[in-house]
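A.B. asks: Have a look at this one before I ask anything.
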Amino acid sequence: MTAPRLELRDLSKRFGSVIVADGLSLTVPPNQALGIVGPNGAGKSTLFAMISGELNPDRGTVLLDGVDVTRHRADVRAAHGIGRTFQIPRPFEGMTVFENVLVYATAAAGLRKAEAYRLAAATLERCGLGDVANRPAGALGLLNRKRLEVARALGSNPQLLLLDEVAGGLTDPEVALLVDLVNGLKAEGLTVVWIEHVVHALLASVDRLACLAGGRLVADGDPDDVLKDPSVRDLYLGHAGVLEEDLQ
Amino acid sequence: MTLLRIDAIDVHHGLLRAITGFSVAVDEGEVVSVIGANGAGKSTLMRAVAGSIPVSSGRVEVNGDDVTRLRAHQRIARGVALVPEGRKLFPSLTLEENLLTGAYRRRPGPWDLDTVYDMFGWMPDRRNQNSRLLSGGEQQAVAIGRALMSNPDILLIDELSLGLAPIVVKQIYASFQQIVVNGCAILFVEQDVSQALAIADEVVCLLEGRTMLAGRPADLDPSDVESAYFGATTGGH
Amino acid sequence: MDVLNALTQGILLGGVFALFASGLSIMFGVMRIVNLAHGDLAVLAAFIAVVALTYTPLPFGALVVVAPIFGLLGYVMQRLLVTPSLEAGPLATLVATFGLSIVIQNALIEGFSADVRSLDAGGLATASISLGGGIDLPLVGVLGLGTAIAVIGGMQIFLSRSRTGRMMRAASDDVDTAALTGANSRHIYAVATAIAFGTLALAGVLFGTRSSFSPTSGTLTLIFAFEAVVIGGLGSLWGTLLGGLSLGLTQSMVAYYDPAAAILAGHLVFLAVLALRPQGLIPARST
C-alpha cells in the first residue's frame, strides 16, 4: 500500500487566544486534488506553514510519504518534494520571466547549468509562460504573475503542491485558465492542496473539499455536498441564493 | 443632489495614459460600482479620485467644490474617504486606534466610535487588540469603519471582496444600506461582476482606462456587459 | 562607598545619554532618518547657552529657553532640508545631515575656537544632594535623570494618547495611507523633528553643565546616542531610557576601576548586545 502523500495527525497550534489547529487530522493520498475553504483567520495559511516546515505545531505529527517530518526543518522537508505558493508573490521584477524560473530551478533543485536550464524551460511550458519568457517579471499582468508564482513553487519539481489563494483578483476567464494549469499538473501526477476563496475555481478542479474553521475540519468530502453542508453555510458561504452564484 | 462629479479626467502613469476621459456622477444615497478586467485602470481611478495620484486633465468635484488640485490629505476635509486596496490598516496600532486615525480630520456627522461599534458588533470586544491579529474580513470592516469616522460624503472602496470569504462579502454589502441611509454615497471597485450587478444602483465598466458601458443593472444586457468587459479580445494577458 | 558613588553617577550619566538618544529614536522611528548631525546640534545648543549666559547673568533656568528655540529650528529645518532630501532617497538624508554636521562643527570652531569649555551654571554646578553614607548626588545629574524620565514619559504619553502622536505612529507605519486619513506628512514629520531638536537641546545644555565640551564633541555624543538606542531596542522609548542607563552605568562603573577604559567598555557592551540580542533590551513590535 502506498503511503499517503501528506498526513496530519492530531495537529494543534495556537497563537495566544487564536486557535489555528485543534487536533487536526487529515490524509491526502497521492495524486488527489484537495480544496480547502474556510473563514479568514481560520488558520489556513498557518496550516501550510506547518506542512512546509516554516512553523512548528504545538502538538501532533506531520508525515510526508509516510515519513515523520515534524521535527525537520523546511529545507530538509523540501527534499520530499513540496512546493508552496505565497499569497503575495514577490518575483524578481527586473529579471525576465525565464531568468526568474531559472533562479528557482537552480536554488530549489540545486541543479547546475544545463539541467537547470532544461528544468526551467520545462516549467515555463507547464505553466503556460512560454509567450512571456523574455519579458521582465515586473511588466506581467495579474494572471501571468500568478502563473509565475506557481512556476516558482514548481521550481524544485515537487510531488506535492500547496496553492495559497492564487485565484484572488482574477477575472472569470483568467480563473478558468488558472484552473486549466492546475488540472494539467494534476494530470501529470502531482498531489495538490489548494486553499481558496474563489469557490468556483475549486469546483472546477478538486476531487475533494474540506472546510477549516476554528482549527478543525467542519466538513470534508465531495465538493457539492460540502457546499450544501449547513455548518459550512453558517460559517463560510452565507445563506440564500449563495449556492447558485458560487456554482456558476 | 450630486455628491461626486467627475468630469472627463485623464490620469497618467508616467508617459502612459491610464485613464482617458472618465466621467461619472454619484448622487446622495447612490451606490455605484466600477467593474473591469485586470489592468483596466480601476485602482488607478480610485486613487485619482482620492487624491493620491494627480489628474492630468479634467475636474473632480465633491459637493460642488472643485477638489482637483487638492492632495489626498486635503480631500478628506472635503468629504472624500478611500478604503484602499488591501485594507492597509496601521500595523502598530490597535483596532480602536486605527478607527481613531480616521477621525483625524473629522467632519460633522453621525459616524463616531459608538456608531461604528453599533454597526460592527464584534468590534468593541477586540478594540484593544493589535490590528495585525485581525482576519482579512475583520480588517476590511475596520478599514471601512476608519473611512467612515471622517464622516465622508463619498466613500470610495477599492477591491472590496479580494481575499475575503463569501459570507464576509455578503455582510459588508449588507452594511451598505446603513451607510447610505445617512446621506453618504458609495463608489466601489468590484472584481466579481455578478455581485456588482446585484448590489449597485449603477455600474460603470472600464476597459484600458475608458468607460465602455454605464447604466442601471436592470437596463443592461448581460452580453453587452460581457463585450464591454473584454473588448475585442478575451481576458488573460 | 565609592563604588556606590560610581553607581549613582552612572545612573545620572545614563539619564543624560537617554535624553540624547530619545531625539535620535524619534527621528528614526517616525521618519526612518538617521540624523548624523544629532550630536553636533546638541553641542551647538550648549554653545548658544554659553553665549546666552554672557548676556543674561540669569541662573540655570534661562538655559532651558534654548529648548523651545531649537524646537522651532527643528520644524523649519525639516521643511527646508530634510523633506527635500527625503524625497531624493534614503541615502540623501544621510549625506545631507552629514554635511550639516561638518558645517556646524566648522562654524563653531570659527566662532568659538577649538577650545574646550563648559557651562557655568553658577552654584548649581557644584550643588549636590547628600544621601548620607558618603554618597553625594550632583544636582545637575539628578536634574538630568529627572528631565530624561519626564521627557521620555511625556513623549510616550504624547505618542499613545494624543491625536497627533497617534498619527505619527501611523505615518511611521505607512505614510501614504496616513495621507488618506488626512495626515499632512510634512507637518507630522516637522513636529517629530521639532520634538527631537527640543530634547537634544536640553540634553546638550545639561551635558555642558557637568562636562566640558568643544566644537568637535558632537561626534562622540552621536555615537553614545546610537549605542543607547540600539542597546535599548529600536522603536521603544522606554528601551532608549534603559539603553542610556546601561551605557551610563557601564562607563561609570568601569571608570571607577580604570578611567581610560570607560568609553571602550561602553562600546564593548554595545557590540555584545548586537551579537547576542540584536533586537535590544525592549524589542518593539516589528512591522
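What follows draws every value from the coordinates through simple rules; no lab data is involved. Nothing here was measured: the structure is a model prediction, and the numbers come from that model. Cβ: placed from backbone, ideal geometry, glycine included. Neighbour counts: every protein chain shown.
A.B. asks: Just want the ordering: A:Phe98, A:Phe15, C:Phe197, C:Phe158, from fewest to most Cβ atoms lying within 10 Å of their own Cβ. Could you put the intermediate results ahead of the total?
C.D. replies: Details: A:Phe98 21, A:Phe15 12, C:Phe197 30, C:Phe158 16.
Result, fewest neighbours first: A:Phe15, C:Phe158, A:Phe98, C:Phe197.
A.B. asks: Evaluate the relative contact order of segment A:91-157 (contact order divided by residue number), counting alpha-carbon pairs under 8 angstrom at least 6 apart; express in whole percent. Please report the intermediate quantities before stating the final value.
C.D. replies: Working: 83 pairs, mean separation 32.7, N = 67.
This gives 49 percent for segment A:91-157.
A.B. asks: Given only helices, namely DSSP H runs of n ≥ 4 each adding -39500 (n - 2.57), what is the per-residue ellipticity at 222 nm of chain C, to the nearest 500 deg cm²/dmol?
C.D. replies: Numbers: 13 runs with 210 residues, N = 287.
Estimated from H runs of four or more residues: -24500 deg cm²/dmol.
A.B. asks: What order do you get for B:143-156, B:162-175 when each peptide is scored by the mean count of other beta carbon atoms within 10 Å, highest first? Please report the intermediate quantities before stating the final value.
C.D. replies: Working: B:143-156: 25.1, B:162-175: 19.6.
Output ranking for B:143-156, B:162-175: B:143-156, B:162-175.
A.B. asks: Same structure again: In deg cm²/dmol, rounded to 500, what helix-only [θ] at 222 nm does chain A give when every DSSP H run of at least 4 residues adds -39500 (n - 2.57) and the total is split over its residues?
C.D. replies: Details: 9 runs with 86 residues, N = 248.
It lands at -10000 deg cm²/dmol.
A.B. asks: Given +1 on the Cβ of Lys and Arg, -1 on the Cβ of Asp and Glu, and no further charges, what dipole in debye does chain C carry about its Cα centre, rounded to the nearest 20?
C.D. replies: Values: 11 positive and 12 negative charges, 154 e Å.
For this selection, approximately 740 debye.
A.B. asks: By the scheme Lys and Arg +1, Asp and Glu -1, what is the net charge of all other residues having a beta-carbon under 12 Å from that of B:Glu28? Don't jump to the answer; show the numbers that get you there.
C.D. replies: Values: positive: none; negative: B:Asp27, B:Glu30, B:Asp153, B:Asp201.
Here the count lands on -4.
A.B. asks: Once the dipole of the protein assembly as shown is set up with Lys and Arg at +1 and Asp and Glu at -1 on Cβ about the Cα centre, which of C:Asn5, A:Leu235, A:Asn183 lies farthest towards its positive end?
C.D. replies: Comparing the listed Cα positions along the dipole, C:Asn5 ranks first.
A.B. asks: Okay, which of segment C:73-100 sit inside 11 Å, backbone N to the point 7 Å along the Cα-Cβ direction of C:Arg32?
C.D. replies: From segment C:73-100, the list is C:89-91.
A.B. asks: Still on this structure: Say the dipole of the protein assembly as shown comes from +1 at the beta carbon of Lys and Arg and -1 at that of Asp and Glu; which of B:Thr20, C:Val103, C:Phe207 then lies farthest toward its positive end?
C.D. replies: Positive-most Cα among the choices belongs to C:Phe207.
A.B. asks: Using only Cα atoms, tell me the angle between helix A:97-109 and the longest principal axis of chain A; keep it within 0 to 90° and round to the nearest 10.
C.D. replies: The angle comes out near 70 degrees.
A.B. asks: Per residue of segment A:220-231, in order, report the coupling 6.51 cos²θ - 1.76 cosθ + 1.60 (Karplus, θ = phi - 60°) as ³J(HN,Hα) in whole Hz, putting x for Gly and Pro.
C.D. replies: Going residue by residue, I get 7, x, 4, x, 5, 4, 4, 5, 8, 4, x, 5 Hz, with x marking Gly and Pro.
A.B. asks: Given 0.36 nm per residue, what is the gain on full extension from A:Ile88 to A:Ala187 after removing their alpha carbon distance, in nm? Each step should come with its number before you reach the end.
C.D. replies: Numbers: separation 99, 0.36 × 99 = 35.64 nm, distance 2.67 nm.
Stretched out fully, the A:Ile88 to A:Ala187 stretch lengthens by 33.0 nm.
A.B. asks: Find out how many positive minus negative residues lie around B:Ala218, taking Lys and Arg as positive, Asp and Glu as negative, among other residues whose Cβ is under 12 Å from that of B:Ala218.
C.D. replies: Details: positive: B:Arg216; negative: B:Asp201, B:Glu202, B:Asp219, B:Asp221.
Once positives and negatives cancel, what remains is -3.
A.B. asks: Considering Cα pairs under 8 angstrom that are at least six residues apart, work out the relative contact order of chain B and quote it in whole percent. Provide the component values of the computation, followed by the final result.
C.D. replies: Details: 474 pairs, mean separation 64.3, N = 237.
So the answer I get is 27 percent.
A.B. asks: Same structure again: Would you calculate the separation in nanometres between label points at C:Ala92 and A:Asp58, each defined as 7 Å from the Cα along the Cα-to-beta-carbon direction?
C.D. replies: Result: 5.0 nm between the two label points.
A.B. asks: Distance between Cα centroids, segment A:85-129 to segment C:1-47: provide it in whole Å.
C.D. replies: Each part reduced to its Cα centre gives a spacing of 50 Å.
A.B. asks: Also: Over all distinct alpha-carbon pairs, what is the Kirkwood Rh of segment B:10-107 in angstrom?
C.D. replies: On the way: mean 1/r = 0.0666 Å⁻¹.
In segment B:10-107 this quantity evaluates to 15.0 Å.
A.B. asks: Another question, then. Can you compute the label reach from B:Met1? Point 7 Å from Cα along the Cβ direction, backbone N cut-off under 18 Å, restricted to segment B:8-35.
C.D. replies: B:25-31, by backbone N distance to the label point.
A.B. asks: If you don't mind, there's one more thing I want to ask. Calculate, axis by axis, the spread of Cα positions in segment B:60-146 along the three principal axes, and write the results as whole Å, longest axis first.
C.D. replies: 40, 25, 18
A.B. asks: Determine the sum of side-chain charges near B:Gly39: Lys and Arg each +1, Asp and Glu each -1, restricted to other residues whose C-beta is under 13 angstrom from that of B:Gly39.
C.D. replies: Details: positive: A:Arg145, B:Lys42, B:Arg210; negative: A:Glu174, B:Glu208.
After counting each charged neighbour, the total is +1.
A.B. asks: How far apart, in nm, are the 7 Å Cα→Cβ label points at C:Leu220 and C:Tyr55?
C.D. replies: Using points 7 Å along Cα→Cβ, the separation is 3.0 nm.
A.B. asks: Next question, about the same structure. Most exposed first by the Cβ proxy, i.e. fewest other Cβ within 10 Å, how do B:His73, C:His187 rank? Before the final figure, lay out each step's value.
C.D. replies: On the way: B:His73 22, C:His187 16.
Listing B:His73, C:His187 from fewest to most nearby Cβ atoms yields C:His187, B:His73.
A.B. asks: Per the Debye formula with a single identical scatterer at each Cα and no solvent contribution, what log10 I(q)/I(0) holds for segment A:91-157 at q = 0.27 Å⁻¹?
C.D. replies: At q = 0.27 Å⁻¹ the computed log10 ratios are -1.16.
A.B. asks: Follow-up. For chain B, just run the numbers: alpha carbon Rg, then divide by 2.2 N^0.38 Å, N being how many residues it has.
C.D. replies: Working: Rg = 17.2 Å, N = 237, 2.2 N^0.38 = 17.6 Å.
The value comes to 0.98.
A.B. asks: Suppose R0 equals 35 Å. What FRET efficiency, 1/(1 + (r/R0)^6) with r the Cβ-Cβ distance, do A:Val67 and A:Asp225 give to the nearest 0.05?
C.D. replies: Values: r = 32 Å, r/R0 = 0.92.
Rounded to the nearest 0.05, the efficiency is 0.60.
A.B. asks: Then there is this: Once each part is reduced to its C-alpha centroid, what is the distance from segment A:6-32 to segment C:151-219 in angstrom?
C.D. replies: 47
A.B. asks: Take the alpha carbon atoms of segment A:135-170, find their center, do the same for segment B:114-151, and report the distance between the two centers in whole angstrom.
C.D. replies: 32
A.B. asks: Return one quarter of the surface area of the convex hull spanned by the alpha-carbon atoms of chain C, equal to its mean projected area, in nm².
C.D. replies: Values: hull surface 61.6 nm².
Averaged projected hull area, Cα only: 15.4 nm².
A.B. asks: Here is a further query. Could you grab the relative contact order for segment C:169-257? Cα pairs under 8 Å, six or more apart, rounded to a whole percent. Working shown, then result.
C.D. replies: Values: 42 pairs, mean separation 11.9, N = 89.
Reported as a whole number, the value is 13 percent.
A.B. asks: Putting +1 on Lys and Arg Cβ atoms and -1 on Asp and Glu Cβ atoms, find which of C:Met77, A:Leu119, B:Leu89 reaches farthest to the positive end of the dipole of the protein assembly as shown.
C.D. replies: Looking along the dipole axis, the top candidate is C:Met77.
A.B. asks: Just the Cα atoms of the protein assembly as shown, one point each, no solvent: what log10 I(q)/I(0) does Debye give at q = 0.06, 0.10 Å⁻¹?
C.D. replies: -0.48, -1.12
A.B. asks: With a point put 7 Å past each Cα toward its Cβ, work out how far A:Arg118 is from A:Thr2 in nm, to one decimal.
C.D. replies: 2.4
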